[in-house]
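One structure is given below, encoded as structure tokens.
The values are calculated or read from the model by the stated rules, or taken from the named source; none is laboratory data. Since we're looking at a predicted model, the values are computed, not measured. FYI the Cβ positions are ideal-geometry reconstructions off the backbone, even for glycines, and counts take in every protein chain you see. The area values use the complete protein model at the heavy-atom level, side chains included, leaving out ligands, DNA and RNA. Shrake-Rupley method; radii C 1.70, N 1.55, O 1.52, S 1.80 Å.
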Amino acid sequence: MELCDVYNEKGERTGRVLERSQPLAEGEYRLVVGVWIVNSKNEILITQRSPEKKFMPNKWENTGGHVQAGETGREAMVRELAEETGIEAAPDELILFATTKRPSYLGEEYILRKDVALEHVRLQPGETCDVRWVTEEIFDQMIDSGEIASSLSIIQPEVRAAFKEALAKLA
């Protein structure tokens, strides 16, 4: 059972904790996080969702997940990254570049600048089944062809612009 804090629209914890599958009341949100790993060639690391997943099986995405009760977004991102890929990162390595708001979800998007050999990525059974580095051009082609999970915030123009701005600062 995965417990999550409930947040208000300002991103403040309300003091309520619910099981992840429980419905939220009007004006309540769960916090989700995502990390975009970018190597020294400016390629983006993406993973493929397992075919067993109920929601968007076999689609490609970045690493991310729900923030559990008591965690900060950065702590959750470090945990999710280790669970889903075996990649270790310190919270201060994660650069927050965008926050998002969708019905029932508040999001934090991070960049992690890291060179990772694909053979060192450890995929989590039932979560991910493949991993690859892609250029932004290939990533855009994958969006257009429907290979990328449609729920990703990076598809939104304002998040994509913030991503490019953050990358330029890291160059």
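With the requirement that a residue be out of contact with any Leu (no Cβ under 8 Å at 6 or more places or on another chain) and among the polar types (S, T, N, Q), what does the stretch 64-120 give you? Correct list: 72 only. List the number of the failed condition for residue 81; all other conditions in (1) within 30 Å of residue 144 (Cβ to Cβ); (2) touching a residue at least 60 places away in the same chain (Cβ under 8 Å) hold. For residue 81, the exception is condition (2). So which residues in the stretch 131-159 are in contact with a Ser or Thr (Cβ under 9 Å, 6 or more places away or on another chain) and of a type in the set (D, E, K, R), if there are any at all? Those that are in contact with a Ser or Thr (Cβ under 9 Å, 6 or more places away or on another chain) and of a type in the set (D, E, K, R): 132, 158.
Listed by first and then second residue, the pairs linking a residue in the stretch 151-171 that is on the phi < 0 side of the Ramachandran plot to a residue that is open to solvent by 100 Å² or more (accessible area, probe 1.4 Å), with Cβ atoms under 9 Å apart and 6 or more places separating them unless they lie on different chains, are 151/55. Scan the stretch 101-129 for residues that are modelled with pLDDT under 95 and β-branched (Val, Ile, Thr) and the total you get is 1.
The residues of the stretch 50-63 include none that are small (Gly, Ala, Ser) and either at positive phi or without any contact (Cβ under 8 Å) to a residue 12 or more places away in the chain (or both). Here is the figure for the stretch 61-94: residues that are open to solvent by 60 Å² or more (accessible area, probe 1.4 Å), outside any loop (DSSP other than H, G, I, E, B) and farther than 24 Å from residue 6 by Cα total 2.
Of all residues in the stretch 34-60, those that are more than 12 Å from residue 84 (Cβ to Cβ) and open to solvent by less than 30 Å² (accessible area, probe 1.4 Å) total 5.
Of the residues making up the stretch 1-29, those that are basic (Lys, Arg) and either open to solvent by less than 100 Å² (accessible area, probe 1.4 Å) or part of a strand (DSSP E or B) (or both) are 13, 16.
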